[in-house]
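So the structure is just underneath, and the comments pick up after that.
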Amino acid sequence: MKRNLLGKTGLHVSALSFGASALGGVYGQVDEAEGIRAVHAALDLGINYFDVSPAYGATRSEIVLGRALKGIARDRYYLSTKVGKFTQPGSYGADTLDYSRARIRASLDESAARLGTGYFDLIHIHDIEYQGRQHTDWALNEGLAAVRELQREGRLGAVSFGIYPMDLWHRIFNDYEVDAALVHNHYCLHDTRLLELLPLAKTKGIGIINGSPFGSGLLTDRGPADWHPATPEKRKIFRDASAFCSQQGVPISKLALQFSSQHTEIPTTLFSSARAESVQRNVRWHEETLDASLLARVRNILAPVMNQQWDYDAPPAESQKPKPTASALSKNDPKPAPISSSAHFSIQSPSPLGAASSASQKMANPGS
């Protein structure tokens with residue numbers, strides 16, 4: 001798979017990258033063994049960047065991804081996780097946001113233990129707009145300083161944010177020094193506002209990671225999860241677009257993946273899946289030619305929701321709250337205990353990909 005330089009990070013990332021949120025059951029119940037096969041399929045197909053968060057499934061996604069990557073040579077992949085946001089098990093919206101230096105340091109240690117590594121190629125400061133933006137300045141000041149401190153200590157390579165609101169992205173790009181940006185739901189069939197960020201990203205060397213090509217489920221035949229803030233009326237517009245695609249013999253998810261992942265100025269597009277078959281299908285779709293005529297007609301159907309701003313911070317209506325599902329993790333599997341920021345790792349710490357420039361040299365065939 002083609003590799004692209006991620007801004008000034010020195011990382012040569014695959015054009016498609018793997019988001020592990022699905023491994024935590026964010027989009028529905030997950031079979032752990034199948035989720036592990038999905039990760040292995042991604043590696044086999046040339047995907048070399050994996051992103052996760054302790055907030056996905058209340059650490060479950062990190063646990064499953066860690067199991068999937070166990071025994072895989074560390075120089076075969078780049079790895080990122082997130083700090084600042086923590087979700088209570090079995091409860092949508094029960095988030096704790098903590099951007100303090102102490103919690104960020106502890107969080108990185110906990111994630112490292114779950115994922116079996118002593119080094120992260122990239123860290124995203126997570127969802128700083130949540131809870132009515134009351135913690136945004138905290139994240140931009142103490143939170144960012146804490147992550148930069150860890151970077152100086154050699155614990156991580158590049159520093160990024162993972163957020164949604166475009167006005168906040170403009171503020172970060174203009175007023176703060178970041179190495180990369182995980183921008184989700186802003187370059188897909190119904191929203192192209194990410195393009196506003198590309199000129200400044202190029203000037204400042206900020207590596208763009210394009211998340212959510214399927215619009216958090218809106219651009220699929222199945223539709224979004226209950227937690228998605230789209231109203232029934234808006235959901236119908238997406239169902240109409242999906243039905244039209246089906247009539248043309250093309251799943252809307254294929255068109256969505258191709259549109260999002262084939263922009264020449266976006267280094268990587270990050271999708272999430274917990275099924276090997278879906279990973280293989282996405283890679284195949286990415287490599288096929290986009291139907292420009294179908295694209296124009298579908299975007300016309302989606303015109304009423306074009307560049308729609310979704311309130312992901314809003315709690316779902318009672319009728320939309322997801323029902324708790326049984327965890328695919330073994331009931332006898334102990335939850336990893338938090339470890340102090342000064343703990344010594346007993347896990348094998350692969351030669352950290354170190355400074356980003358040396359990391360890119362260790363990746364196999366970065367230009368392929």
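The values are calculated or read from the model by the stated rules, or taken from the named source; none is laboratory data. Remember, predicted model here, so these are calculated numbers, not experimental data. Neighbour counts are summed over all protein chains in view; Cβ atoms, including those assigned to glycine, are modelled from backbone coordinates with ideal geometry.
Contact map, the stretch 41-63: first residue more than 18 Å from Y119 (Cβ to Cβ), second residue at pLDDT 95 or above and among the polar types (S, T, N, Q), Cβ cut-off under 6 Å, separation 6 or more or different chains; pairs are A41/Q280; G46/S14; I47/S14. Taking the listed residues Q151, Q134, the one that is at pLDDT 95 or above, surrounded by fewer than 18 Cβ atoms within 10 Å (Cβ to Cβ) and more than 21 Å from the chain's Cα centre (by Cα) is Q134, with no other qualifying. Name the residues in the stretch 74-116 that are assigned to a loop (DSSP other than H, G, I, E, B) and either modelled with pLDDT of 95 or more or within 26 Å of N4 (Cα to Cα) (or both), would you? Residues satisfying the conditions are Y77, G84, D98, Y99, S100, G116.
Among what's in the stretch 17-40 and is free of Cβ contacts under 8 Å to residues at least 60 places away in the same chain and β-branched (V, I, T), pick the residue that is farthest from M1 (Cα to Cα). Steps first, answer last, please.
Of all residues in the stretch 17-40, those free of Cβ contacts under 8 Å to residues at least 60 places away in the same chain come to 24, 33, 36, 39.
Narrowing further to those that are β-branched (V, I, T): 36, 39.
Values: I36: 21, V39: 16 Å.
That would be I36.
Residues that are in a loop (DSSP other than H, G, I, E, B), at pLDDT below 95 and either hydrophobic (A, V, I, L, M, F, W, C) or surrounded by fewer than 16 Cβ atoms within 10 Å (Cβ to Cβ) (or both) do occur in the stretch 48-67, at least one of them.
Looking at the stretch 137-148, which of its residues are touching a helix residue (DSSP H, G or I) at 6+ places or on another chain (Cβ under 8 Å) and surrounded by 19 or more Cβ atoms within 10 Å (Cβ to Cβ)?
Pass one, the stretch 137-148, residues touching a helix residue (DSSP H, G or I) at 6+ places or on another chain (Cβ under 8 Å): 140, 142-143, 145-147.
Matches in the stretch 137-148: L140, G143, A146, V147.
Only a single item in (1) surrounded by fewer than 23 Cβ atoms within 10 Å (Cβ to Cβ); (2) not in a loop (DSSP other than H, G, I, E, B) is not met by G162, and it is number (1).
Only one residue in I123, I128 is surrounded by 24 or more Cβ atoms within 10 Å (Cβ to Cβ), more than 27 Å from S278 (Cα to Cα) and out of contact with any Lys or Arg (no Cβ under 6 Å at 6 or more places or on another chain), so which one is that?
Values: I123 fails: more than 27 Å from S278 (Cα to Cα).
One residue alone meets the criteria, I128.
The sole residue among S61, S107, S80, S21 that is out of contact with any Pro (no Cβ under 6 Å at 6 or more places or on another chain), of a type in the set (S, T, N, Q) and more than 29 Å from W285 (Cβ to Cβ) is S107.
If only residues of the stretch 221-254 that are buried (at least 18 other Cβ atoms within 10 Å of the Cβ) and among the hydroxyl-bearing types (S, T, Y) are counted, the one that is farthest from the chain's Cα centre (by Cα) is S242.
From L140, L115, L144, grab the single residue that is among the hydrophobic types (A, V, I, L, M, F, W, C) and either out of contact with any strand residue (DSSP E or B) (no Cβ under 9 Å at 6 or more places or on another chain) or over 24 Å from V13 (Cα atoms) (or both). Break it down into steps so the answer makes sense when it comes.
Values: L115 fails: either out of contact with any strand residue (DSSP E or B) (no Cβ under 9 Å at 6 or more places or on another chain) or over 24 Å from V13 (Cα atoms) (or both); L144 fails: either out of contact with any strand residue (DSSP E or B) (no Cβ under 9 Å at 6 or more places or on another chain) or over 24 Å from V13 (Cα atoms) (or both).
Just one listed residue meets the conditions, L140.
Among the residues of the stretch 278-333, those that are among the β-branched types (V, I, T) and at pLDDT 95 or above comprise V279, V283, T289, V298, I301, V305.
Condition first: assigned to a helix (DSSP H, G or I) and at positive phi. Now tell me which residues in the stretch 6-32 satisfy that.
Within the stretch 6-32, G7 is the sole residue that qualifies.
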